[in-house]
1. Considering the stretch 118-134 alone, what residues qualify as being in contact with a Phe, Trp or Tyr (Cβ under 7 Å, 6 or more places away or on another chain) and farther than 14 Å from residue 170 by Cβ?
2. Could you list, ordered by first residue, the pairs with Cβ atoms under 9 Å in which the first is in the stretch 279-301 and within 16 Å of residue 327 (Cβ to Cβ) and modelled with pLDDT under 95 and the second is charged (D, E, K, R) and away from the ligand (no atom under 14 Å from the Cβ), at least 6 apart or interchain?
3. Looking at the stretch 96-111, can you tell me whether even one residue there is within 15 Å of the ligand (Cβ to nearest atom), open to solvent by 10 Å² or more (accessible area, probe 1.4 Å) and not basic (Lys, Arg)?
4. Search the stretch 256-268 for residues being open to solvent by less than 20 Å² (accessible area, probe 1.4 Å) and away from the ligand (no atom under 11 Å from the Cβ), and hand back the single one that is nearest to residue 111 (Cα to Cα).
5. Of all the residues that make up the stretch 152-169, how many are under 26 Å from residue 375 (Cα atoms) and within 16 Å of the ligand (Cβ to nearest atom)?
6. Quick one: would you say residue 71 is in contact (Cβ under 8 Å) with a residue 40 or more places away in the chain, over 30 Å from residue 314 (Cβ atoms), away from the ligand (no atom under 16 Å from the Cβ) and open to solvent by less than 70 Å² (accessible area, probe 1.4 Å)?
7. Restricting to the stretch 307-352, name every residue that is more than 16 Å from the ligand (Cβ to nearest atom), open to solvent by less than 30 Å² (accessible area, probe 1.4 Å) and either of a type in the set (Lys, Arg) or part of a strand (DSSP E or B) (or both).
8. Of the numbered conditions (1) modelled with pLDDT under 95; (2) open to solvent by less than 10 Å² (accessible area, probe 1.4 Å); (3) not in a helix (DSSP H, G or I), residue 201 satisfies every one except a single condition; which is it?
Amino acid sequence: MSDRPGLLVHNAAEVVTASGGVRRGADQAEIGIVYGDGAVAAYEGRIVAVGSLEEVERRLGEMGVAAHAVARLDARGGVVTPGLIDPHTHLIFAGTRQAEVELRQRGHGYLDILAAGGGILQTVRETRAAPDEVLLANARRWSAEMLSHGVTTVEVKSGYGLSTDEELRLLRLAGQLAEEGPLDIVPTFLGAHAVAPEFRGRADAAVAYMANVIDEQLPRVAEQGIATSCDVFCERGVFDVEMSRRLLTRAKELGLQARLHADQLNATGGAELAAEIGALSADHLGGISEAGIAALAGAAGSDRPTVATLLPISAFYLDEPHYAPARTMIEAGIPVAVGTDFNPGSSPAPNAELALQFAVHRLRLTASEAIGAMTINAAAALGLEQTHGSLEDGKHADLVLWEADSHTLLPYWLGADLVRTVVKRGHVVYEGRQD
Ligand SMILES: [Zn+2]
């Protein structure tokens, strides 16, 4: 890693800037590409110029930056994009759940396995039993994998603790990972991921556990300032819209942003709730209703629209009946983001390149729309669109150099790893194949 304060990336066939803010409608495909001899300069971790090499060198000169203060990085005729942002993961957990694959093959549904005390609850048992060091080692292993696929910022949810102490522990560990770097980590409190084992079997299990989340867990999370948003698994047989509204309304009162797992498998009114309360994002949406689409479209014009965060890998892995209707959403002007949903039960895929490929080949986004979905729109889904997700002056110098000379190739080579170099805050933090 160079310790020079400046970085000049040059010789790019395309620089995808994604500049100009959150994308909706036809703009989702306008990702601001500089073609031919493109360059990007960063100084002290921030972007200071994007354009032709001549323009960028002139800007560095105007700033009075000496040549020896700038590390030069040759993009070798490849594409340069903003660092990818994964806006939905469950990174901190213990154990694996491959046995569920065969259960599902024999006809047991994802929600049936959960109702029988498996699924998420198996991960809860294993996570609670794991010491901090085991959870951290696992999370470091998979965050390194995410980085190698071009991710520079990742949202990380708690939700495998399901008690005040355990949820706080997972969020503390997320904070520790953030300190270790290099990824920026956005921590989300997901105490309402499933009804905790201690409450199961009661007639009022979901209601009683939700009261515990709202009255005991949430205030402690807010007081410690260790999460920036609050999430809930709003789904048939898990938490209904009424309970989710109570939780997210209270979370907003306590200064957290709202986001939710909405209409993943069934249309429950999750998207409508997201629009009603001004959630940062509504996630999954495979079962969204027409009313849900209309509600998100109605909120899409605001400065802070609710982003539809789509997670096609988990829909594929669970063999869900529907992928989210991404084309309809884009036509309705709803900003669309895409993430991996990395977790041990429904998306054991720490690979943002794969998410990009699925966005194109399952959700029918164009390559440009998919790249916008995993950069500026993913930043907006996390409330980071002012600082992350595009290559614009003043933003964090997070970028990826690709082994491809057109952005249209990124979702084309299925399963291939095309990441050559990852830059975080102006420094090279990962190098893949360099040939
Ligand atoms: Zn999730």
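The values are calculated or read from the model by the stated rules, or taken from the named source; none is laboratory data. Treat the numbers as computed from the prediction; the structure is a model and nothing was measured. Cβ: placed from backbone, ideal geometry, glycine included. Neighbour counts: every protein chain shown. Remember, those area values only see protein heavy atoms, side chains included, never the ligands or the DNA or RNA. Shrake-Rupley method; radii C 1.70, N 1.55, O 1.52, S 1.80 Å.
1. 119
2. Within 9 Å, the pairs are 300/24.
3. Taking every residue of the stretch 96-111 in turn, at least one turns out to be within 15 Å of the ligand (Cβ to nearest atom), open to solvent by 10 Å² or more (accessible area, probe 1.4 Å) and not basic (Lys, Arg).
4. Checking each candidate, the answer is 263.
5. 6
6. Yes; evaluated as a whole, the condition is true for this residue.
7. 336
8. Condition (2) is where residue 201 drops out.
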